[in-house]
Amino acid sequence: MAKPNDLVQGTFDLLLLKTLSLEPKHGWAIAKRIQQISREVLQVQQGSLYPALHRLEQKALIKAKWKETGRQAKFYSLTAAGRAELEKEAEIGVVCRRRIIWS
Amino acid sequence: MLWVRRFWLKLQGLFRRNRNVNRLDDEIQFHLEQQIAENCAAGMSPHEARYAARRAFGNPTYLKEETRDTWGWVWLEQIVQDLRYGARALSKNPSFTVVAVLAVALGVGVNTGIFSVLNGVALKLLPVPRANQIVSVDQIFHGNFPRIEHGEPEMFSYSEYKNYRANNQVFSGLLAYAPFLGDVPLGAENPKPVMGEETSCNFFEVLGERPALGRTFVEADCRAEGVSPVVVLSDELWRTQFGADPRIVGKSISLNRAKFVVIGVAGQGFRGLDAWPVEFWAPVTMEKALEGEDLLSKDNASWLGLLGRMRPGVSLEEVRADLGVIAGRIDQLYPGRTTTLAIHRATFMGRSEERTVVFGIGAVILAAVGLVLLIACANVANLLLARASARQKEIAIRLSIGGSRWRIVRQLLTESLLIAFLGGALGSLIAFWSVDGIARYLLAHLPHGFPPLLWDVSPDLHVWGYSLALMVLTGIVFGLAPALHATRQDLSTAVKGETAGLPGKARGRRLRSALVAVQVAVCMVLLIAAGLLMRSLYSAQTVDPGFEMKGIIQARYELPGYNVAAGQTFQRELVARAQALPGVDEVEQARVMPLGNQNMHTVMTPQGEKRYKSFEFNIVSPGFFGMLGMPIVRGRTFTQAEVQSDAPVLVITESTARRLWPDQDAIGKSLREVNALSQDLGPRVYQVVGVVKDAQVSHLGQSDGPFFYMPAGPEELAAMQLLVHSKASDVTTINGIREAVRILDAGLVVDVTELSGNLELWRTPSRIVAALSGVLGALALLLASIGVHGVVSYGVSQRTREIGIRMTLGANGGDVMILALRQALRPVVIGASVGIIACAAVSQVLSTVLYGIGSHDPIAFIGVPLFLLGVAFLSSYLPARRASRFDPMVTLRYE
């Protein structure tokens with residue numbers, strides 16, 4: 001089980017932001033979603049989410065709220081800044097993808 | 001705005017740590033439970049589900065730590081943690097902490113003290129508003145040129161000052177002042193000698209000093225010579241001499257027998273720009289009335305110092321360029337001369353010549369105390385090494401479970417910095433108190449003839465900054481090596497606890513020995529330098545200046561307002577009265593006193609030759625040489641007839657004769673005078689009638705410069721001073737002379753003292769240097785001895801186990817002791833040898849300052865290393881003896 005290194009860190013953060021773009025989720029739900037999206041290809045320790053999530057929270061790109069859903073759980077959602085960051089990176093991603101298709 | 005949010009979040013992370021830790025635990029707990037639930041739903045047993053969930057998750061402890069690291073500022077928390085840990089470690093080991101702190105306090109304290117003194121002398125800006133805008137201007141001449149030097153050679157004349165003032169573009173104001181106008185008689189009857197300054201009329205304005213009473217000068221006061229006899233008093237003088245009279249403004253006072261009107265009193269605390277407190281200021285145009293000679297009209301005389309306030313936005317470079325142009329223009333009037341200007345920010349003791357001297361001496365002293373600090377650092381480093389070896393196990397364990405070496409080094413360094421700050425703060429505080437006390441003591445005990453000094457050694461920003469920088473540097477210097485050493489190790493042996501006893505593997509022994517060697521070497525250098533200085537100064541104390549001083553009283557005075565005839569009459573009558581005093585057997589006259597710090601120079605040319613030569617000279621009465629015990633080795637002194645007829649005769653010194661006419665008889669040769677300004681030959685030709693033995697009359701330690709004596713012509717008679725030899729007690733004679741002067745003219749200021757006082761004055765700087773080097777040397781010795789003792793005895797005790805083994809194998813007590821001693825003394829011997837070599841180099845530098853002691857004085861070079869070896873020997877002897885007496889079984893089990 002590999003821990004994403006620094007080079008991949010940025011991409012991983014982006015991934016987290018993307019999973020939160022639709023609706024707020026708690027940590028486990030994010031882990032499950034990532035597993036789905038990457039079709040089990042991206043092998044990441046589930047726990048390594050948490051340092052990344054907290055880092056993003058410290059950078060004010062996501063915010064957190066404790067909600068009752070039978071049990072107390074911490075739900076993360078995007079902030080305005082986080083959404084802006086996502087759009088900025090998404091644009092670049094679009095450009096890259098286009099290039100790749102045509103070359 | 002984002003950064004505000006982030007900052008706020010970080011702050012919260014710092015202060016709400018506990019809550020966040022618990023929340024994180026809850027969060028991860030939730031995650032695991034969800035995963036377990038999913039696994040169960042997929043059909044695993046509860047046990048399998050839990051196991052699979054944990055595996056999928058990863059190491060929770062590690063991940064929790066990682067997550068926690070994202071909160072707050074990690075580095076800040078780590079520093080706080082280090083500090084707390086360090087403080088606790090230090091308080092657990094009080095004896096170690098106290099010794100280390102004291103050693104640092106000694107080293108840093110001495111350095112800060114010396115620096116604050118130097119700062120007060122050479123670095124502090126003037127005590128006026130916006131002092132960083134004020135620059136001092138000095139001129140340095142090159143080439144062949146005539147010049148009248150009334151004050152320092154780098155000063156300006158009045159016309160030069162006016163030129164610079166009118167033509168510069170860079171100053172908002174340029175002032176001139178003539179410093180150190182001393183012993184001006186204040187008052188008509190029983191005058192009191194006071195110190196004053198002649199200044200340009202914009203003096204107070206440029207400096208930004210407002211008067212406390214009345215007004216200061218206006219330009220009209222300086223419009224012409226002598227038109228405005230006004231004066232501004234200092235606050236101190238106003239209080240002590242005039243009883244703080246509120247109606248002083250407008251009153252008349254007598255200065256140098258001339259009437260001056262008081263127009264104002266300066267603000268409290270303003271005492272002028274130099275180290276000597278000024279008591280009154282007068283316009284520069286009153287110079288003649290105050291000094292008796294006319295310098296205002298002399299275009300080529302150096303007597304005024306210049307200070308300018310730069311316009312805002314002007315740089316020093318622009319000032320140099322602008323004034324350089326003016327200097328070049330003035331140079332055109334004096335072919336053969338080029339002038340460069342020295343322009344610096346004005347400091348309290350600001351003349352450029354003084355500045356070079358002070359910086360030079362200051363650098364040497366700072367180097368010396370820096371060495372003392374180095375010894376202290378070596379001491380503390382050794383202590384740290386010894387202590388680190390006791391914590392070896394702990395550090396080894398931390399390293400082996402994956403602790404970062406850098407982290408541990410940082411923690412050890414924090415401890416060192418803590419010691420450095422504690423010691424440094426303690427030392428600096430003590431230094432400030434004691435420097436103040438010492439300065440006061442010195443000023444109160446200055447020898448007669450020294451003017452009272454103003455000396456502000458209070459700490460300012462420079463000093464605090466220096467102190468802080470020293471503390472940080474010290475902490476790193478003595479902390480880094482032991483920290484690095486303690487964390488670089490052979491882990492297995494350390495963990496197993498085999499810390500001592502095996503030969504060749506004693507922990508850190510090489511490093512400790514190296515430190516001892518360094519300490520010994522540095523201490524040697526300091527001690528030998530101090531020893532050499534003190535020995536040479538001792539011999540300077542006992543040096544014979546070449547003339548008699550015992551029983552001779554000198555009387556120095558001026559006769560303001562006397563014309564030639566009145567002056568002659570006064571002198572005649574004074575001599576007669578002095579001769580009539582009880583016990584007096586000889587009365588002579590001289591224009592300047594031997595070693596009296598007044599020197600007269602002129603230029604002459606040997607008859608028939610082309611070259612000009614600069615001479616120092618004195619005007620004396622015929623019996624001068626006899627009274628002072630200076631033997632005439634050829635020819636004779638002046639006759640009375642020659643004196644009365646103002647004959648052109650000279651007596652020259654032996655070395656002058658040797659220089660001008662080697663291998664010839666100087667008697668009968670002649671010297672022709674040269675006009676100082678025009679450089680033409682003058683009319684008078686002087687004949688040499690006698691040759692006198694050399695004596696140190698102008699500088700202590702120097703007696704072979706070109707020097708001649710001439711008799712007093714009728715005009716010079718009025719300026720002569722008195723030398724009286726008496727068999728009665730000095731006090732009686734002094735009082736008698738004072739009384740005699742008072743009877744003749746009660747309005748004169750006369751300075752009557754023993755002639756030997758002049759020598760004392762010359763010796764004072766040497767005494768201070770000797771005292772300083774003695775103290776520093778003693779400090780160095782103390783620190784080095786403590787260091788050597790500590791390390792050597794520790795080293796021996798570390799090898800107790802080895803000693804036990806050897807004794808078991810058959811060595812007797814004596815062998816063991818010799819082994820221990822040899823091992824212990826080796827670094828000391830190495831250090832001493834290095835020290836001697838280093839010292840040979842240092843003493844070359846010192847040889848310029850040494851009177852008559854060879855720079856390889858055996859006593860210093862042998863005595864000091866022997867002393868240190870003795871200390872080392874004693875330090876190792878006792879523990880070694882104790883170890884050799886132990887029961888081997890006991891030492892073997894010793895751990």
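The values are calculated or read from the model by the stated rules, or taken from the named source; none is laboratory data. Values in this document were obtained by computation on a predicted structure and should not be read as measured data. Because the Cβ atoms are built from the backbone with ideal geometry, glycine has one as well, and the counts that use them run over all protein chains shown.
Assess whether B:Leu628 counts as being at positive phi, in contact with a Phe, Trp or Tyr (Cβ under 9 Å, 6 or more places away or on another chain), modelled with pLDDT of 85 or more and surrounded by 15 or more Cβ atoms within 10 Å (Cβ to Cβ).
Numbers: at positive phi: no; in contact with a Phe, Trp or Tyr (Cβ under 9 Å, 6 or more places away or on another chain): yes; modelled with pLDDT of 85 or more: yes; surrounded by 15 or more Cβ atoms within 10 Å (Cβ to Cβ): yes.
So B:Leu628 does not fit the description; no.
Yes/no per residue for (1) under 30 Å from B:Thr733 (Cα atoms); (2) not charged (D, E, K, R):
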{"position": "B:Ile743", "(1), (2)": "yes, yes"}
{"position": "B:Asp751", "(1), (2)": "yes, no"}
{"position": "B:Arg767", "(1), (2)": "yes, no"}
{"position": "B:Met817", "(1), (2)": "no, yes"}
May I ask you to list pairs of residues, at least six apart or on different chains, whose Cβ atoms are under 8 Å apart, with the first in segment B:384-413 being over 16 Å from B:Asp82 (Cα atoms) and the second being basic (Lys, Arg)? B:Leu385/B:Arg512; B:Ala386/B:Arg512; B:Ser389/B:Arg507; B:Gln392/B:Arg507; B:Leu399/B:Arg405
Pairs with Cβ under 8 Å, 6+ apart, first in segment B:3-30 and modelled with pLDDT of 85 or more, second of a type in the set (Ser, Thr, Tyr): B:Leu24/A:Tyr50; B:Leu24/B:Thr67; B:Glu27/A:Tyr50; B:Ile28/A:Tyr50
Test B:Arg84 against the stated conditions and say whether it is without any contact (Cβ under 8 Å) to a residue 40 or more places away in the chain and in the same structural domain as B:Ser416 (by TED's automatic domain parsing). yes
Inspect all residues belonging to segment B:699-716 and state whether any of them is on the phi < 0 side of the Ramachandran plot, assigned to a helix (DSSP H, G or I) and outside the structural domain of B:Val104 (by TED's automatic domain parsing). yes
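Name every residue in segment B:300-341 that is part of a helix (DSSP H, G or I) and of a type in the set (Val, Ile, Thr), in order of residue number. Spell out the reasoning first.
Narrowing segment B:300-341 to residues part of a helix (DSSP H, G or I): B:316-331.
If the condition is that a residue be part of a helix (DSSP H, G or I) and of a type in the set (Val, Ile, Thr), then B:Val319, B:Val325, B:Ile326, B:Ile330 are the ones that fit.
Go over the candidates B:Thr487, B:Thr493 one by one and state the one that is out of contact with any Gly (no Cβ under 6 Å at 6 or more places or on another chain), among the hydroxyl-bearing types (Ser, Thr, Tyr), buried (at least 17 other Cβ atoms within 10 Å of the Cβ) and modelled with pLDDT under 80. Don't jump to the end; show me each part of the working.
Values: B:Thr493 fails: buried (at least 17 other Cβ atoms within 10 Å of the Cβ).
Within the list B:Thr487, B:Thr493, the selection yields B:Thr487.
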Restricting attention to segment B:756-768, does a residue exist that is at pLDDT 75 or above, not in a helix (DSSP H, G or I) and not assigned by TED's automatic domain parsing to the domain that holds B:Tyr877? no
How many residues of segment B:276-299 are under 36 Å from the mean Cα position of the chain (by Cα), assigned to a loop (DSSP other than H, G, I, E, B) and farther than 10 Å from B:Tyr158 by Cβ? The answer is 4
Could you check, for segment B:43-54, whether at least one of its residues is at the interface with another protein chain (Cβ under 10 Å from one of its Cβ atoms) and within 18 Å of A:Tyr76 (Cβ to Cβ)? no
Tally of residues being buried (at least 18 other Cβ atoms within 10 Å of the Cβ) and either touching a Cys at 6+ places or on another chain (Cβ under 8 Å) or of a type in the set (Gly, Ala, Ser) (or both) across segment B:767-796: 12
Please state which of the following conditions B:Phe638 fails to meet, knowing it meets all the rest: (1) more than 22 Å from B:Pro146 (Cα to Cα); (2) part of a strand (DSSP E or B); (3) of a type in the set (Phe, Trp, Tyr). (2)
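So for segment B:55-72 (the condition being of a type in the set (S, T, N, Q) and either touching a strand residue (DSSP E or B) at 6+ places or on another chain (Cβ under 6 Å) or away from chain A (no Cβ under 14 Å) (or both)), does at least one residue qualify?
So the first thing to find is which residues in segment B:55-72 are of a type in the set (S, T, N, Q), and the list is B:59, B:61, B:67, B:70.
Then keep just the ones that are either touching a strand residue (DSSP E or B) at 6+ places or on another chain (Cβ under 6 Å) or away from chain A (no Cβ under 14 Å) (or both); that gives none.
The answer is no; no qualifying residue exists.
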Output the strands (runs of 3 or more DSSP E) that fall wholly within segment B:148-223 and possess 2 or more residues being within 29 Å of B:Pro560 (Cα to Cα), out of contact with any Lys or Arg (no Cβ under 7 Å at 6 or more places or on another chain) and in contact (Cβ under 8 Å) with a residue 60 or more places away in the chain, or say none. B:171-186, B:192-199
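Would it be correct to say that B:Leu106 is away from every other protein chain (no Cβ under 14 Å) and in a helix (DSSP H, G or I)?
Values: away from every other protein chain (no Cβ under 14 Å): yes; in a helix (DSSP H, G or I): yes.
Against the criterion (away from every other protein chain (no Cβ under 14 Å) and in a helix (DSSP H, G or I)), B:Leu106 qualifies.
To keep it simple, each residue is scored yes or no on (1) surrounded by 16 or more Cβ atoms within 10 Å (Cβ to Cβ); (2) assigned by TED's automatic domain parsing to the domain that holds B:Asn144.
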{"site": "B:Gly264", "(1), (2)": "yes, yes"}
{"site": "B:Lys298", "(1), (2)": "yes, yes"}
{"site": "B:Ser302", "(1), (2)": "yes, yes"}
{"site": "B:Gly308", "(1), (2)": "yes, yes"}
{"site": "B:Glu318", "(1), (2)": "no, yes"}
{"site": "B:Thr339", "(1), (2)": "yes, yes"}
{"site": "B:Ala363", "(1), (2)": "no, no"}
Quick check: anything in segment B:769-779 in contact (Cβ under 8 Å) with a residue 12 or more places away in the chain, within 26 Å of B:Pro594 (Cβ to Cβ) and not charged (D, E, K, R)? yes
Between a first residue in segment B:312-338 that is of a type in the set (D, E, K, R) and a second residue that is in a helix (DSSP H, G or I), which pairs have beta carbons less than 6 Å apart while being 6 or more apart in sequence or on different chains? B:Arg337/B:Asp331
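Among the candidates B:Pro283, B:Pro246, B:Pro335, single out the residue that is in contact with a Cys (Cβ under 6 Å, 6 or more places away or on another chain) and not small (Gly, Ala, Ser). Talk me through it step by step, then tell me what you get.
Working: B:Pro246 fails: in contact with a Cys (Cβ under 6 Å, 6 or more places away or on another chain); B:Pro335 fails: in contact with a Cys (Cβ under 6 Å, 6 or more places away or on another chain).
Answer to the selection: B:Pro283.
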Filtering segment B:118-164 down to residues that are surrounded by fewer than 18 Cβ atoms within 10 Å (Cβ to Cβ) and among the basic types (Lys, Arg), which residue is nearest to the chain's Cα centre (by Cα)? B:Arg130
Of the residues in segment B:564-604, how many are part of a loop (DSSP other than H, G, I, E, B) and either in contact with a helix residue (DSSP H, G or I) (Cβ under 8 Å, 6 or more places away or on another chain) or closer than 22 Å to B:Gly623 by Cβ (or both)? 12
Filtering segment A:31-59 down to residues that are more than 10 Å from every other protein chain (Cβ to nearest Cβ) and in a helix (DSSP H, G or I), which residue is nearest to A:Leu15 (Cα to Cα)? A:Ile34
Of all residues being within 21 Å of A:Asp13 (Cα to Cα) and more than 11 Å from chain B (Cβ to nearest Cβ) in segment A:60-78, which is surrounded by the fewest Cβ atoms within 10 Å (Cβ to Cβ)? Just the residue, please. A:Lys65
